[in-house]
Structure formats: structure tokens, C-alpha cells
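Here is the structure we will look at, set down as C-alpha cells.
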Amino acid sequence: MLITLIVLSVASQAAFALDNGLALTPPMGWLSWERFRCNVDCDHDPDNCISEKLYMKMADLMVSEGFRDVGYVYVNIDDCWPAMQRDDQGKLVADPKRFPSGIKALSKYMHDRGLKLGIYEDFGHLTCAGYPGSEFYMETDANTFASWDVDMLKFDGCYSDPKDMPYGYHVMQFYLNKTGHPMVFSCEWPLYEWSHKLPVSDYGKIAQTCNLWRNFEDVTDSWQSVLGIVDHYGNNKGGFAAHAGPGAWNDPDMLVVGDFGLSYYQQKAQFGLWALFASPLFMSLDLRSMDPQAKALLQNKNIIAINQDRAGHQATRLFEVPGSLSVWLKPMAKKGLSAVGLLNKDNQGKPLQYKASLSDIGFSGGNKYNITEAFENKFVRTVTLSEEFVTYIDPTSIYIMLIQEL
């Protein structure tokens, strides 16, 4: 019964997503912010500064290293790309030194390689790094991005009043749609309400305005940061998980797989959980020097398939076992199929032994079930509903099962 109620609850929300025909599965790509931040010093650090050279190189590697072919198609510019002043017509212009070819040429570069370009702006009068914001220029900026053939807009919220966001984000979405050029709309609206301790807007209204939205603090390159986000998603305050679905996604922020702060097992946990969450999957690593294990994780087709499941259900935390274990459930589109994640937060030096039956974790009604380990797509066992089995979960890692009712 528990499983049935969860499926019905999440399915009831899908019809209320933003109806622009975009992001029908969680978007996948590469975003510069976590790894390259606002490095604009191209004189002293030309290979790592925010410039067209950086994005073109990452695009080339997304193609040559196989990322595009498994679904990573967006190459997203973050803050610090524009000149510090608008032009005489009030239009944004790219920094001429760092983007000498212009954004339209960069967009074409992406499209010629089967990729898409995302860009960054802000709801306030300045971006978070102090560049020109879109306040009083939303229609102008929407038209500019459309003329540049941009495919996604990340719309931040610095230097603005969060109380205006329920109205202002809708206005920007209206202007984006009015251009007639399809652009995925990535919002930070509920994040700023949360961070200013305001009541968070109705997630149903957010889902009708945005294709994806941030609702919690920025990820940093640490296990503590990842766990903070995971706990927020487990607590599910306001019931935001129920509003995920085709065209509308909760965004727990970037993947830090392949960066500096996480062990291999912690990277596996973040990637697995983000897949279960039906999250946008945006890498933020240096593709020129990635670790082979990180690359294999990010290109794991079995885990990507869970993330890209057409039903679009977001996993919810069923319960936590005293100590370190939490159990997560994601109903899948195929009848009788679910993905279950067992997260071990513990950093002690041996795997956690977890003994349970499927009835213990909320399943009911079936006679037999096949259990498959998801990362390797390896069949494990067939069990009855009440039959106990033992699973071992590595420290600070995750074990994901695909459970198929027979």
C-alpha cells in the first residue's frame, strides 16, 4: 500500500508542470561554476578563465570523451561572462576580451557538435558577482538570448527582493516564451525564499513557471555539503518531491564527481542519489584531467537510465535506520519496477550489513521479485515479499537495487 500511495501521489503532479515542451527528462550537461567559479584572469590563467576558449574546449571533450553520446548535451556558462556595462541600446554584451567571437558564435559552435548552450543571468539589478542583472531589462534580455540561439537560461536571485520572485520569475518565463525560441528555464526562486527565511511558494506554481529550480544551499566540494543537501531532500519540507515530473525538476545543484573533495565511494553516492532524485545532472569538473573512475561513474548508462526514466518520479526517503542508513524509493515507468537506494552515511572502516525483507521497506502485494544491483546491472536474487536477505553497503556510499515484481 505504501508503494502504491507514493506512485499515485507523484503521478498526480505531472500534469501541472511548465508546458513549454522542454526538459521532459532531467537535463544533462556541464556547468562551469563549481570548478572554475569567476576566474576572469585570462592574462595570467588563460586555460582556466571564464572565456569562449574554456567552453569550446569542454564542448570538444564532451564529444570526444563520449559524454554527449550518453546524454550530456548542455554546455552552460555561469556568472562573470558579460561586460560590466550594457551597450547603448541597453543590451547585454559578452566581455569582448574573453568572448571575442560573441555568444551567438559560441552557440553555433555547440550546435555544430550536437550540443546546446546555456547562459546565466540574475533577477536582480546585479548578478551575484556584480555584473549587470536583468532587473528592468527582462524582455530585452530574453530577446537577446533568443537572438543568440541560447538553449537554457539559469536565472539567479542576488541583489533582489525575494518577495518579488513569485511575480518576477513568471514575468521572465513569459518573455522567454514570447520570443518563440525554445529555452529551458532554470530558476533559483525557492532557494532565495528559503535562505531569507520566507515561506516558500507553492511548488505547484513554481513548476508551472520553471523547468528546474534550486531550493537549497549551493553544493561545495565536500561530503558534508552533499549530505546536507541529501538530508534536505529526505525531509522534503513542503512536499517538493511530489512536483517533480516531465518538464519540471527539483535541482539539488551540480555534481562534484571528479573534483577534489569526495572519495570514489562518496562520488558514487552523490551520482546515485542525484539519479534517484530525478535531478538535472550537470557535471562541474575539468574534463581535461578527469580521473578514469569519475568518468566511468558519470557515464554509467545503468544509473543514467534511472535518472532519465520517462515517468520522472523523484525518489523519497522511506525511513532512516538508527545509525547511518537511509532507504530511498523511486517508482519507475515500467510496471512493477522500482529503484531502491540504500545510503550508508557512516565513515567507519567496514561495510554496513543490512538485513531486511521487501515488506520491511514498504513493498506489498507481489508474490516474487527479482533484485538487480543497478551500477553493474547484475542480477542478485529472486525473493518473496517476506523473505529476508542481506545487503552490504560500503562506508559513505550507496547500494542501488532495481526491484521488479514478477
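The values are calculated or read from the model by the stated rules, or taken from the named source; none is laboratory data. On a predicted model such as this, the values are computed, not experimentally measured, just so you know. Please note: Cβ atoms are built from the backbone with ideal geometry, for glycine as well, and neighbour counts cover all protein chains shown. To get the accessible areas, we keep the full protein, side chains included, count just its heavy atoms, and leave off ligands, DNA and RNA. Shrake-Rupley method; radii C 1.70, N 1.55, O 1.52, S 1.80 Å.
Once the Cα-Cα distance is subtracted from the 0.36 nm per residue extended length, the Ser359 to Asp69 segment shows a gain of 100.5 nm.
The alpha carbon centroids of segment 150-211 and segment 336-406 are separated by 38 Å.
The modelled label-to-label distance between Gln224 and Val321, using points 7 Å beyond Cα along the C-beta direction, is 2.7 nm. A straight line joining the Cα centroids of segment 70-85 and segment 262-280 runs 23 Å.
In order along segment 201-214, the Karplus-derived 3J(HN,Hα) couplings, from 6.51 cos²θ - 1.76 cosθ + 1.60 at θ = phi - 60°, round to 4, 4, 5, x, 5, 4, 5, 7, 10, 10, 7, 8, 8, 7 Hz, and Gly and Pro are given as x.
The relative contact order of the chain, computed from alpha carbon pairs under 8 Å that lie at least 6 residues apart in sequence, is 16 percent. The aspartates and glutamates whose alpha-carbon is closer than 12 Å to the alpha-carbon of Lys116, local same-chain residues fewer than 8 away aside, are Asp149, Asp151.
Here is the list for segment 255-323: chymotrypsin sites (Phe, Trp or Tyr not before Pro) lying in DSSP coil, each with at most 12 other C-beta atoms within 10 angstrom of its C-beta, are Phe260. Helix-only estimate, please: 222 nm mean residue ellipticity of the chain, summing -39500 (n - 2.57) across DSSP H runs of length 4 or more and dividing by its residues, to the nearest 500. Theoretical 222 nm ellipticity from helices: -8000 deg cm²/dmol. On the principal axes of its alpha carbon atoms, segment 95-236 extends 44, 34, 28 Å, with the longest extent given first. Among the protein heavy atoms of the chain, carbon and sulfur supply 52% of the accessible surface, probe 1.4 Å, non-protein parts ignored.
Cysteines in the chain lacking any other cysteine Cβ under 4.7 Å from their own Cβ: there are none.
Taking every protein chain into account, the accessible area of the chain amounts to 41 square angstrom per residue (probe 1.4 Å). Its alpha carbons give the chain an Rg and a Dmax of 21.3, 72 Å.
Listed by chain and number, the lysines placed with their C-alpha closer than 18 angstrom to that of Lys295 are Lys57, Lys268; residues fewer than eight positions away on the same chain are left out. The modelled label-to-label distance for the pair Lys378/Thr179, using points 7 Å beyond Cα in the direction of Cβ, is 4.7 nm.
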